[in-house]
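Have a look at the structure below before the remarks.
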Amino acid sequence: MKSSLSIGDAAARFSLPTHVLRHWEDVGLLRPQRDGGDRRRYGDDDLVRIGVIVRSKSAGMSLEQIGVLLDEQAPERHRVLEEHLADLARRMADMERSRLMTEHALNCRSHDITTCPRFRAIMDEVVAGTGTWREAETPVDDGAHSTDHGAHGRDAAAAR
C-alpha cells in the first residue's frame, strides 16, 4: 500500500494531536514530503517511523533515545539500547514489587495495608533509611499477634 496522508489523517491513525507530529518533525524524527501547497504528506515509511516513535515512547524512551534508534549512522546506538534495556529491567522489577505489594494487601486481613504488621515492618525500615524496598515475606499465620494472613491463612481463619 502506498500511503500519502495529510498531517490530520496521520495523527488520527495513531490517536495523536497534530502538534505532536509537528514537534517530532522539529526535533528531526520525521521528515514528511511536502506537496505543491507545502502541506505535509506522510507516506508508508513515515507511518512506520511514527509507529516506532509511539511504541518507543510507551516503553519509556526519550525523544533523544528514539532519535538514536532511528538513526542508522548513530555510533552510540548499542549503548543507548543497552541502557534502555537496563532501565526496562529496573522498571519491571519495580512493577513486580508493586504487584507483590498489591497481592499482599489483597490477602491480608488488615484492610488498611499501613496497619499490616509485616508491611509496616518493611516500611519502618524504608522510612528510617535503614532498609530498601523489598518484597513482603510470605505471610505466615502464627496464630499470635499478626493480622497478616495470606490466602491460606485467611481460609484457615475463616474456617475457625
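The values are calculated or read from the model by the stated rules, or taken from the named source; none is laboratory data. Everything quoted here is computed from the prediction, not taken from an experiment. Glycine gets a Cβ as well: all are built from the backbone with ideal geometry, and neighbour counts include every protein chain shown. Heads up: the accessible areas ignore ligands, DNA and RNA and are worked out on the full protein's heavy atoms, side chains in. Shrake-Rupley method; radii C 1.70, N 1.55, O 1.52, S 1.80 Å.
Okay, here's what the table says:
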quantity: Accessible surface of region 80-128 [probe 1.4 Å, protein heavy atoms]: carbon and sulfur percent; calculated: 61 percent
quantity: Region 3-42: C-alpha gyration tensor shape, a/c 1.5 cut-off, then a/b vs b/c; calculated: oblate
quantity: Overall form of region 33-132 per C-alpha gyration tensor (a/c, 1.5; a/b vs b/c); calculated: prolate
quantity: Qualifying trypsin sites (Lys or Arg not before Pro) in region 2-37, DSSP loop, other Cβ atoms within 10 Å at most 14; calculated: LYS2
quantity: Whole-number percent relative contact order across region 1-74, with pairs defined as alpha carbons under 8 Å at least 6 apart; calculated: 31 percent
quantity: ARG13-LEU88 FRET efficiency (beta carbon distance; Förster radius 35 Å; 0.05 resolution); calculated: 0.85
quantity: Under 5 Å, built H, 5+ apart or other chain: amide partners of LEU30; calculated: GLU25
quantity: Two-site label geometry, ASP45 and GLU25: point separation in nm, points 7 Å out along Cα→Cβ; calculated: 1.7 nm
quantity: 3J(HN,Hα) from dihedral phi, region 32-43, Karplus parametrisation 6.51/-1.76/1.60, rounded to Hz, x for glycine, proline; calculated: x, 5, 10, 8, x, x, 6, 8, 5, 10, 9, x
quantity: Cut-off under 5 Å, modelled amide H: who pairs with SER3 long-range; calculated: ASP44
quantity: Three-way shape label, region 3-88, alpha-carbon gyration tensor, a/c 1.5; calculated: prolate
quantity: Accessible area per residue in Å² at 1.4 Å probe, computed on region 1-113; calculated: 66 Å²
